[in-house]
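First comes the structure, then the notes that go with it.
The values are calculated or read from the model by the stated rules, or taken from the named source; none is laboratory data. Bear in mind the structure is a predicted one, so any value in this text is a computation, not a measurement. Every residue, glycine as well, gets a Cβ built from its backbone with ideal geometry; the counts of neighbours run over all protein chains shown. Accessible surface is based on the protein model in full, side chains and every heavy atom, while ligands, DNA and RNA are left aside. Shrake-Rupley method; radii C 1.70, N 1.55, O 1.52, S 1.80 Å.
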Amino acid sequence: MINVAIVEDNNTIRDGLAALINGTEGFKCIGAYIDCESFLVELIKKEPDVVLMDIALPGISGIEGVKIATEKKPGLAVLMLTIYEESEKVFDALCSGACGYLVKNTPPSRLLDAIKEVHDGGSPMSSRIARDVINAFKAGTVSTDSEDEFKLSDREIEVLHQLAEGNNYREIADALFISVDTVRHHIRNIYKKLHVHSRSEAVAKAIRRKLI
């Protein structure tokens, strides 16, 4: 069972998402919130597996909400669901800790697949948006830091490459001939060494610092 929380201020969209999730086997909506403030209050108690987060929210924005949520619960899988497709907003959301990015007119079947994908460690995103984001990362200011400064092992660099390709934990384990638990161990170490809280932050920082 994948427990999903929804943060969306539009009542019709929020109710529709909750109905879709609760009406699909293997999914459960454990909370539907009108703003980030009410969601953050219940985050630790509810312990969602995946969060569907809008960007344009009253009060705390979705981008700031992702940052706060992933600081409170490192590794939280947040999927941005919004009307915005501009690469700058996508970039900001991913750098704040989001794991994926879909527009609100995404077909229900694709949305459910994306929830499963992000729950399994993937980063669902349209190819066009992904290309724009990678180009934005590469065009950004690059630090002179080296991987030696972060003391990443050769294996951790390999895992970072796999994360950048959008592979989930099982796919990384199969590609590197290691166990899923070992993958989790490496990813925890990567987060700690890079001072990040999510795979998207890790990949963004690795690209900007030319670690991969």
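Points to keep in mind about this one:
- Restricting ILE44, ILE68 to those that are β-branched (Val, Ile, Thr), under 20 Å from ALA202 (Cβ atoms) and in a helix (DSSP H, G or I) reduces the list to ILE68.
- Identity of the residue in the stretch 177-211, more than 15 Å from the chain's Cα centre (by Cα), surrounded by 17 or more Cβ atoms within 10 Å (Cβ to Cβ) and hydrophobic (A, V, I, L, M, F, W, C), that ends up farthest from VAL118 (Cα to Cα): LEU211
- Applying the condition of being open to solvent by 50 Å² or more (accessible area, probe 1.4 Å), closer than 29 Å to GLU25 by Cα and modelled with pLDDT under 85 to the stretch 65-88 and asking which residue is nearest to the chain's Cα centre (by Cα) yields PRO74.
- Number of residues in the stretch 89-114 that are of a type in the set (Lys, Arg) and in contact with a Ser or Thr (Cβ under 9 Å, 6 or more places away or on another chain): the value is 2.
- Sole exception among (1) farther than 22 Å from TYR169 by Cβ; (2) part of a helix (DSSP H, G or I); (3) not aromatic (Phe, Trp, Tyr) for ASN105, by number: (2)
- Members of the stretch 47-58 that are more than 16 Å from ALA93 (Cα to Cα) and at pLDDT 90 or above: PRO48, ASP49
- Scan of the stretch 171-196 for residues that are of a type in the set (S, T, N, Q) and outside any helix (DSSP H, G or I), ordered by number: SER179
- A Cβ distance below 6 Å, combined with a sequence gap of six or more or placement on separate chains, defines the contacts here; from the stretch 89-107, residues that are modelled with pLDDT of 80 or more and open to solvent by less than 50 Å² (accessible area, probe 1.4 Å) reach residues that are part of a helix (DSSP H, G or I) and acidic (Asp, Glu) in the pairs GLY97/GLU201.
- The stretch 25-41, subset hydrophobic (A, V, I, L, M, F, W, C) and part of a helix (DSSP H, G or I), residue surrounded by the fewest Cβ atoms within 10 Å (Cβ to Cβ): VAL41
- Contact map, the stretch 153-172: first residue closer than 15 Å to GLY122 by Cβ, second residue assigned to a loop (DSSP other than H, G, I, E, B) and open to solvent by less than 40 Å² (accessible area, probe 1.4 Å), Cβ cut-off under 7 Å, separation 6 or more or different chains; pairs are GLY166/GLY122; GLY166/SER123; ASN168/GLY121; ASN168/GLY122; TYR169/GLY121.
- If you check LEU160, LEU152 for being over 21 Å from ALA98 (Cα atoms), open to solvent by less than 40 Å² (accessible area, probe 1.4 Å) and either out of contact with any Cys (no Cβ under 8 Å at 6 or more places or on another chain) or of a type in the set (Gly, Ala, Ser) (or both), only one passes: LEU152.
Conditions tested, residue by residue: (1) farther than 15 Å from VAL103 by Cα; (2) open to solvent by 40 Å² or more (accessible area, probe 1.4 Å).
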site: GLY23; (1), (2): yes, yes
site: LEU43; (1), (2): yes, no
site: PRO48; (1), (2): yes, no
site: ALA56; (1), (2): no, yes
